[in-house]
Amino acid sequence: MDVYEGLEGEKVLNLSRLNLDNLDLEHVGEEKKRDTQQLLLVYNRFTMLPGSICHFSNLVFLDISCNRLAFICEDILRLSKLKTLVAKNNRLDEFSLPKEFGTMSLEVVNFSGNRFEEFPSEFLNLQRLQSLSLGGNRLKTIPAEIEHLTSLELLYLGGNSITSIPPELANLPYLSYLVLCDNRIQSIPPQLAQMHSLRSLSLHNNLLTYLPREILSLFQLQELSLRGNPLVVRFIKDMTYDPPSLLELAGRTVKSRNLPYKPEDLPGNLVRYLDLASKCPNPKCGGVYFDSCVRHIKFVDFCGKYRLPLMHYLCSPECSSPCSSNPQSDADSEDENSVPAHRMQKVLLG
């Protein structure tokens, strides 16, 4: 149980692989307790975090991975200097944490390989949290309240049962690494294009068949992993299209012909409706649409090898490119020329 110098000069006490089921500190001197900044309790038999942990008043790093941990006691709240808590491969779930867990000053939390079925609400109050790993659990959803973790830089949620991504994820200003691989995600919200700090996005082994065209706006993105998804290999021939209403036809006429109007000319609800017009992305069209549009897959060439399917929303079937079973037939995509070559090389499809 000797204390020794670890990385960055911190004092480390390693009590790993000792078959411990309780933390008896009778033979640990007060000076050693006070000096210890990193405590390793990996590969023991703890079923709950021992209350005696609070005697390490200067603890900065705690690793209690690979135990039988099912409960974390409130004594952990007394570790006011704790920055990193690692508890991988235990038996923790959403009922295992003290209610005031969110008041801690944690910056790194790794609870991968546990039994969480719901995202722990206590985590959403960790205002200083920079790195959160909950991979290999049983999560089905990501709460919209995750936007409260405004200091988050890395979010690892791979290996769960997540089916969708909340648009609120785009409100995390510093998120650089987002790992959502090995889930059941079927679509990507276009709001993710607002994540201007995102450098790596891992989406492999999901159920994606296309990506939103807004993904090209992630200018800082250096790596996009998509392998193991059922990405389409040919254009979709049967496009669904609901005919526009009379209201939409009138609105399209006003906007496409630039007919002047003032708030005093029309009821307020019609003015607001006209302000919601979306421009058709087809450069040969120039039309607009409101609620009625055609979902259209457009392929963008990456690395000269992969055809990345992006979802477009066009104003009418006349705007669609001719259907073809050959994915190379749409090589004149306007998006293809807008993607820098150095970014194309970071897409991992195989």
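Summed over the range 133-166, the residues that are open to solvent by less than 60 Å² (accessible area, probe 1.4 Å), of a type outside the set (Gly, Ala, Ser) and within 10 Å of the chain's Cα centre (by Cα) give a count of 7.
One residue stands out in the range 253-273 among those that are of a type in the set (Lys, Arg) and not in a loop (DSSP other than H, G, I, E, B): the one that is modelled with the lowest pLDDT, namely 255.
Selection of the range 186-209 for residues being of a type in the set (Val, Ile, Thr) and buried (at least 20 other Cβ atoms within 10 Å of the Cβ) yields only 188. Residues in the range 85-132 that are open to solvent by 50 Å² or more (accessible area, probe 1.4 Å) and touching a Cys at 6+ places or on another chain (Cβ under 8 Å) were compared, and the one that is nearest to residue 145 (Cα to Cα) is 88. Only residues that are more than 32 Å from the chain's Cα centre (by Cα), among the hydrophobic types (A, V, I, L, M, F, W, C) and modelled with pLDDT of 90 or more: list them for the range 24-59, please. Those that are more than 32 Å from the chain's Cα centre (by Cα), among the hydrophobic types (A, V, I, L, M, F, W, C) and modelled with pLDDT of 90 or more: 53, 54, 56. Residue count for the range 143-159 satisfying the condition of being assigned to a loop (DSSP other than H, G, I, E, B) and closer than 16 Å to residue 201 by Cα: 5. Considering the range 173-183, the residues that are in a loop (DSSP other than H, G, I, E, B), under 19 Å from residue 150 (Cβ atoms) and touching a strand residue (DSSP E or B) at 6+ places or on another chain (Cβ under 8 Å) include one that is least open to solvent (accessible area, probe 1.4 Å), namely 175. Looking across the range 213-243 at every residue that is assigned to a loop (DSSP other than H, G, I, E, B) and in contact with a Lys or Arg (Cβ under 7 Å, 6 or more places away or on another chain), the one that is modelled with the lowest pLDDT is identified as 239. Could you please let me know if residue 276 is within 24 Å of residue 189 (Cα to Cα), of a type outside the set (Ser, Thr, Tyr) and at pLDDT 85 or above? Yes; evaluated as a whole, the condition is true for this residue.
For every residue, the table says whether it meets (1) in contact (Cβ under 8 Å) with a residue 60 or more places away in the chain; (2) closer than 30 Å to residue 135 by Cα; (3) not aliphatic (A, V, I, L, M).
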{"position": "193", "(1), (2), (3)": "no, yes, no"}
{"position": "203", "(1), (2), (3)": "no, yes, no"}
{"position": "207", "(1), (2), (3)": "no, yes, no"}
{"position": "217", "(1), (2), (3)": "no, yes, yes"}
{"position": "224", "(1), (2), (3)": "yes, yes, no"}
{"position": "253", "(1), (2), (3)": "no, no, yes"}
{"position": "259", "(1), (2), (3)": "no, no, no"}
{"position": "266", "(1), (2), (3)": "no, no, no"}
{"position": "285", "(1), (2), (3)": "no, no, yes"}
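Condition test on residue 110, is it polar (S, T, N, Q), touching a Leu at 6+ places or on another chain (Cβ under 9 Å) and at negative phi? First the steps, then the outcome.
On the way: polar (S, T, N, Q): yes; touching a Leu at 6+ places or on another chain (Cβ under 9 Å): yes; at negative phi: yes.
Yes, satisfied.
Kindly indicate which of 35, 93, 75 is touching a residue at least 12 places away in the same chain (Cβ under 8 Å) and in contact with a helix residue (DSSP H, G or I) (Cβ under 6 Å, 6 or more places away or on another chain). Give the derivation first.
Numbers: 35 fails: in contact with a helix residue (DSSP H, G or I) (Cβ under 6 Å, 6 or more places away or on another chain); 93 fails: in contact with a helix residue (DSSP H, G or I) (Cβ under 6 Å, 6 or more places away or on another chain).
Only one candidate qualifies: 75.
Scanning the range 42-60 for residues that are buried (at least 21 other Cβ atoms within 10 Å of the Cβ) and in contact with a strand residue (DSSP E or B) (Cβ under 7 Å, 6 or more places away or on another chain) gives 49, 56, 59. Here residue 69 does not fit the description of being closer than 23 Å to residue 152 by Cβ and either out of contact with any strand residue (DSSP E or B) (no Cβ under 8 Å at 6 or more places or on another chain) or crowded, with 19+ Cβ neighbours inside 10 Å (or both).
The values are calculated or read from the model by the stated rules, or taken from the named source; none is laboratory data. What you are looking at is a predicted structure, and each value in this text was computed from that prediction instead of being measured. We place every Cβ from the backbone using ideal geometry, glycine too, and count neighbours over all the protein chains shown. Accessible surface is based on the protein model in full, side chains and every heavy atom, while ligands, DNA and RNA are left aside. Shrake-Rupley method; radii C 1.70, N 1.55, O 1.52, S 1.80 Å.
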